[in-house]
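A quick write-up on the structure given underneath.
The values are calculated or read from the model by the stated rules, or taken from the named source; none is laboratory data. None of these values were measured; they are calculated from a predicted model. FYI the Cβ positions are ideal-geometry reconstructions off the backbone, even for glycines, and counts take in every protein chain you see.
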Amino acid sequence: MKAFLLHRDRDFDLKRAPPPNESDLLRDLELETLLLAMAAKDELVLNVTKSALMAATCNDVATVEYRQAALKDCLRNPQVVRQLYSLTEEAFQRLKKVWSRFREYPSSLLEDSLSRMRIFMDVLRKIRNLSDRHSAEFHSEGFSNLFTMLARELDDEYFALVDKQLNRLSFQNGVLVSAGIGRGLKGGNYTLRRPLKPEGNWLVRATKRVYQWLVSERLIRGRPDAYTLYLAPRDEAGAQAMSELRDRGVAIAADALAKSVDHIDGFFLMLRTELAFYVGCLNLHERLLDFHAPFTFPVVKEAGDVSFSSTDLYDICLALSMNQRPVGNEVEADGKSLIVITGANQGGKTTFLRSFGLAQLMSQCGMFSPAASLRLNVVDGLFTHFKREEDATMKSGKFDEELSRMDAIVNALTPNGLILFNESFAATNEREGSEIAGQIVSGLLERPHKIVFVSHQYAFTHGFYERRLASALFLRADRQPDGRRTFKLVEGEPLSTSFGEDVYREVFSSHGAARVGA
């Protein structure tokens, strides 16, 4: 049995190695805020959603659309999905209460496996009943296949057969084992046999037992049907020998049952893991509804079809932090491999850059995206190069650190990567920083990469603007004549100023100066 809720033909790999730039993505895109909102204090949901987001750029269009359809089913039936997840949780919580015996002994392994199998069967019945009641409400390929598989594999005949076998393996009337005599008069060829069926009613059975006892005590003449060995109450060696004989008899059955339990345990583990991803999406969806933030299932295109167009695109981590809907942006960047963003300080440039990266990750993960509408192409890698604050642990200067991180990105770069630059190479002078940024971007554009670059370096930004590249889009943070920021990006030529004096006036106003002087 397989869940296959995240991939059409394989299980989700929770132990997959994260990308080498995981820490940069978490830090630069502030993914921790998104993950905590999705987890809602559930550690498994946190681990699964983090792993899924980090592996998002490995997904193709078919996988994205497969998950989108399943997630739409979840949004229509959130309570059913949460009940399924709770049932898988119930199974593992009940398993924790099973006293673990010495599993190296066949008898102990058998008893342990019987307890675990009974728990699984009880929960599977609940899952099957839930599936029967609500399967018609799900239409995606993933959930439809899951419910069809449950109905086919877990029918009434299956449960009846399992119950029969578990009752038989409990050996309430003892273990019947046959054996042969091998070399040195040692036992061999131990075989577990089906228990003998009781003969007649209780009176017949009682009479027969009395007769056998009279024969064994030689009170009457006759030949016993079987020979009986009675152990003395303190015969520890005899008890151990009988226990070893019993273990030899039940060894094969115990091993087979343990493997069956492991198989069902694997199914429950994977079902719980893959449902955790959708539970995380449901948690996030509820948060967005609280402050009426828009979301959409994006149209996802192949890597060769370079596109990015959105309406009301916003930074979802900022929204979650403020617990309110932030200002969104409209972008028409279809066919644009390079997006350069300039303009006023504190005008929303970095926020847009972060929203761009988050939208890419969430979309390729199969989730809904933080926008009213969105169209983009898949990429096979996402890389960030954001400016860093001064760090006392640095072994070299900020500029050397920037070049070192850029070298790591180049070494890990994929053929169709997305690279986000945030005021990169600003740790040196304008001329040198512009020259380095220009050469790096020119080299990256020789391959089918997508680049979004936030910069204050006029020589770099205006130099690319004058080249009039058809594949380049230039956006500018909007600023009103009175200096107010709208936090909107508009298409426009890079300016030679970032209006730092606006920030200066705001910080060092007469009121602010009085406070500083005080």
Please tell me if Ser424 is of a type outside the set (Asp, Glu), in contact with a strand residue (DSSP E or B) (Cβ under 6 Å, 6 or more places away or on another chain), buried (at least 20 other Cβ atoms within 10 Å of the Cβ) and closer than 12 Å to His385 by Cβ.
-> yes
Out of all the residues in the range 51-61, which are more than 22 Å from Ser140 (Cα to Cα) and outside any helix (DSSP H, G or I)?
-> Ala55
Given (1) free of Cβ contacts under 8 Å to residues at least 40 places away in the same chain; (2) within 24 Å of Ser310 (Cβ to Cβ), index of the condition Glu446 fails = (2)
Which condition does Ser496 not pass, out of (1) of a type in the set (Gly, Ala, Ser); (2) at pLDDT 95 or above; (3) in a loop (DSSP other than H, G, I, E, B), if it passes all the others?
-> (2)
Of the residues in the range 151-175, those that are over 12 Å from Arg128 (Cβ atoms) and touching a residue at least 60 places away in the same chain (Cβ under 8 Å) come to Leu169, Phe171, Val175
Of the residues in the range 320-330, those that are under 22 Å from Val490 (Cα atoms) and either under 26 Å from the mean Cα position of the chain (by Cα) or assigned to a loop (DSSP other than H, G, I, E, B) (or both) come to Arg325, Pro326, Val327, Gly328
Which number in (1) out of contact with any Gly (no Cβ under 8 Å at 6 or more places or on another chain); (2) outside the structural domain of Glu153 (by TED's automatic domain parsing) marks the one condition that Phe4 misses?
-> (1)
Hits in the range 9-29 - residues which are in contact with a Phe, Trp or Tyr (Cβ under 8 Å, 6 or more places away or on another chain) and either surrounded by fewer than 12 Cβ atoms within 10 Å (Cβ to Cβ) or of a type in the set (Val, Ile, Thr) (or both) = Arg10
Subset of the range 261-319, residues charged (D, E, K, R), part of a strand (DSSP E or B) and within 23 Å of Asp9 (Cα to Cα), comes to Lys301
Of residues in the range 466-487 being modelled with pLDDT of 90 or more and surrounded by fewer than 17 Cβ atoms within 10 Å (Cβ to Cβ), the one nearest to Phe421 (Cα to Cα) = Ser471
Having 1 or more residues that are more than 28 Å from Phe297 (Cβ to Cβ) and at pLDDT 95 or above is the bar; report the strands (runs of 3 or more DSSP E) wholly within the range 353-459 that clear it.
-> 381-386, 417-422, 450-454
Counting only residues in the range 111-157 that are within 26 Å of the chain's Cα centre (by Cα) and not in a helix (DSSP H, G or I), the one surrounded by the most Cβ atoms within 10 Å (Cβ to Cβ) is identified as Phe138
If you go through Val48, Val64, the only one that is part of a helix (DSSP H, G or I) and under 22 Å from Lys450 (Cβ atoms) is Val64
Restricting the range 55-91 to residues that are in contact (Cβ under 8 Å) with a residue 12 or more places away in the chain and of a type in the set (S, T, N, Q), which is nearest to Pro19 (Cα to Cα)?
-> Thr57
Going by the conditions given, is Ser321 outside the structural domain of Phe277 (by TED's automatic domain parsing), surrounded by 22 or more Cβ atoms within 10 Å (Cβ to Cβ) and either touching a residue at least 12 places away in the same chain (Cβ under 8 Å) or among the β-branched types (Val, Ile, Thr) (or both)?
-> no
Across the range 345-363, which residue is nearest to the chain's Cα centre (by Cα) among those that are among the hydroxyl-bearing types (Ser, Thr, Tyr) and surrounded by fewer than 23 Cβ atoms within 10 Å (Cβ to Cβ)?
-> Thr351
